Amino acid sequence: MSLTTLSAAELGRLLSRRDVAAREVAQAYLDAIQRKDPTLGAYLTVDPERTLAEADVAQSKIDAGDAGPLGGVPVAIKDNISTADQRTTCASKVLKGYIPPFDATVCTRLRDAGLVGLGKVNLDEFAMGTSCENSAFQLTHNPWDPDRSPGGSSGGSSAAVAGGIAPLALGSDTGGSIRMPASLCGVVGFKPTYGRVSRYGLVAFGSSLDQIGPFGRNVEDAALLAAAISGHDPRDSTSLARPPIATDALRSGRLHGIRLALPLELMSDAAEPGVLDSVRAACAKLEAEGATVEEVSTPSVRYGVTTYYLIAPSEASSNLARFDGIRYGSQVDGSGHVGTVAATRGKLFGHEVKARIMIGTYALSAGYYDAYYVRAQQVRALMAQEFETLFDRFDAVISPTSPVVAFRLGELSRDPLALKLLDTCTIPANMGGFPAISIPCGLSDGLPVGLQLMSPVMSDEKLLQLAWAAEQVLGSLDLPLG
Ligand code: GLN
């Protein structure tokens, strides 16, 4: 038996029965990282001593009967989530060497539940991107084919889970950054309802859209991790006063009688034929189990990319103002205060980040604010309304997660518009704050295709049940874990 091929839930069961020790599991993963990460490039920081020390703390919790169902299970953490006394770089030169003095709430919760931090994983700089190629430090490779992108921005998270060098990972999703890479790597990625997981300690990108969520090799693993990190947090003013996500009824999920809406605009020929075929085949399998799938029209999603790429950069331009070379991370000397700030920001931010700061600043400036930012907010409200109306008649909306399978590294890096259009299917859930999940639904040209399910705000439990039931019918992929 190889510990690194087991699901997180299975590992948790072995650990709680004390058939295996937390230290053994951690060591097995540290060995796998040492062996495989030189080709995958998922990790930015691995600290074996720290991981083993955390495993010992987890073991005492397990021994005391204090750990949750994932007690002793390791988890990789996206490097825009603050970890006390451990580098948190956002894959940006601006934060090179920055060591937060505090933990993000999700990290505190992981520790309380007995999980073990395995290291910090790569992302597009400040989570801005769709391929992980905007990292200032390294490329991450898709475990299905090292010449291809793992997706982004949480590409380190998806590659680690699919490639057998983490059983679980945390990512963040502002416009699709959990679901899209999950889709390209053939794993499960879940964006909970906005406010269900605390953003305290997540380095802010687009604060009204950002949400932390789990990656797992199956729905149960993702659900258990979501349960561990969710729940109200007084340190995040947008946190919902609701209990953590419950998983006890996960396996009661049924397809019979479930009404699914399939938006035609998300099934357009902008998507690859192989992706559309897989999604249609998946719909047919769900229908064979008693679900109904009805084609609907959601005209507003055509404006999703345009709208998102005004709102997210606007919020980013304000959030990233704090990186002045004085308060955090690295500094480039210039003449005087203004010169130093200008030199730091000019030299240390990457191209995509600078482009977004400029777009956002423009959209928010006097004279343009109404034409761009306010207009975008109006379209956002319209889109949220359109989906809410759908949710009156349907249990969930179904679509491809990404219009394409994993593309070659470098293939789209000179075509920013093509990259941004890949967010079409994932953006609506961020705009409306509702939960959405990507599960694998087959292969196209030997590469994974993701199926997205979206449901009303605060229906996270029902969505996970539905995804679990769909997974039983669609089966899982043979991941390149070895
Ligand atoms: N691809 C989108 C972007 O570049 C989404 C990023 C995200 O969700 N963090 O902004």
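Readers should treat all values here as calculations from the given coordinates under stated rules, not as data from a laboratory. Here the structure is a predicted model, which is why all the values come from computation and not from measurement. Backbone-built Cβ (ideal geometry, glycine too); neighbour counts: all protein chains shown.
Please order MET180, MET458, MET383, MET358 by the number of other Cβ within 10 Å, starting at the fewest.
MET358, MET458, MET383, MET180
Is the stretch 280-362 best put as rounded, prolate or oblate by its Cα gyration tensor, with a ≥ b ≥ c the root eigenvalues, rounded for a/c under 1.5, and otherwise prolate when a/b is larger than b/c, oblate when not?
Judged from the Cα gyration tensor, the stretch 280-362 comes out prolate (a/c at least 1.5, a/b above b/c).
Where does each of 192-198, 391-397 land if you order them by average Cβ count within 10 Å, highest first?
Ranking the peptides 192-198, 391-397 by packing returns 192-198, 391-397.
Sorted by packing (mean other beta-carbon atoms within 10 Å per residue), highest first, where do 427-433, 28-34, 360-366 land?
The packing order, highest mean first, is 427-433, 28-34, 360-366.
Can you tell me how much longer the chain between GLN472 and ALA343 gets when fully stretched, taken as 0.36 nm per residue apart minus their C-alpha distance, in nm with one decimal?
41.0 nm
How high is the relative contact order of the chain? Use alpha-carbon pairs under 8 Å, at least six apart in sequence, and give a whole percent.
Reported as a whole number, the value is 18 percent.
What percent does the relative contact order of the stretch 1-136 come to when contacts are Cα pairs within less than 8 Å and at least six residues apart?
27 percent.
In nanometres, what is the gap between the two model label sites at THR389 and ARG280, each 7 Å from Cα along Cα-to-Cβ?
With each label placed 7 Å out from Cα toward Cβ, I get 2.7 nm.
Calculate, in nm to one decimal, what ASP248 and ALA84 gain on full extension: separation in residues at 0.36 nm each, minus their alpha carbon distance.
Taking ASP248 through ALA84 to full extension adds about 55.9 nm, to one decimal.
Once phi is turned into θ = phi - 60°, what whole-Hz ³J(HN,Hα) does the Karplus curve with 6.51, -1.76 and 1.60 give for every residue of the stretch 283-299, x standing for Gly and Pro?
For the stretch 283-299, the Karplus-derived couplings read 4, 4, 5, 5, 5, 5, 9, x, 7, 10, 10, 10, 6, 10, 10, 10, x Hz, x marking Gly and Pro.
In the stretch 46-175, what % of DSSP beta bridges are antiparallel (nearest 5)?
20 percent
Multiply the residue gap between SER335 and SER365 by 0.36 nm, knock off their C-alpha separation, and tell me the result in nm, one decimal place.
That pair, SER335 and SER365, stretches by 8.1 nm at full extension.
Kindly state, to the nearest 0.05, the FRET efficiency for LEU443 paired with SER297, given R0 = 30 Å and r defined as their beta-carbon distance.
0.55
Compute the normalised compactness of the chain: alpha-carbon radius of gyration over 2.2 N^0.38 Å, N being the residue count.
0.91
Using Cα positions and a limit of under 12 Å, work out the aspartates and glutamates in reach of LYS78, with same-chain residues fewer than 8 apart set aside.
Of all the aspartates and glutamates, those that pass the test against LYS78 - Cα under 12 Å, at least 8 places apart if same chain - are ASP124, GLU125, ASP173.
Classify the stretch 346-456 from the C-alpha gyration tensor, please: rounded if a/c falls under 1.5, else prolate or oblate depending on whether a/b exceeds b/c.
In terms of gyration-tensor shape, oblate.
Once you've got the Cα coordinates, tell me which of LYS61/LYS96; LYS61/LYS462; LYS347/LYS420; LYS36/LYS61 are over 32 Å apart.
Exceeds cut-off: LYS61/LYS96.
Where both residues lie in the chain, what percent of DSSP beta bridges are antiparallel, nearest 5?
Antiparallel: roughly 65 percent of the beta bridges in the chain.
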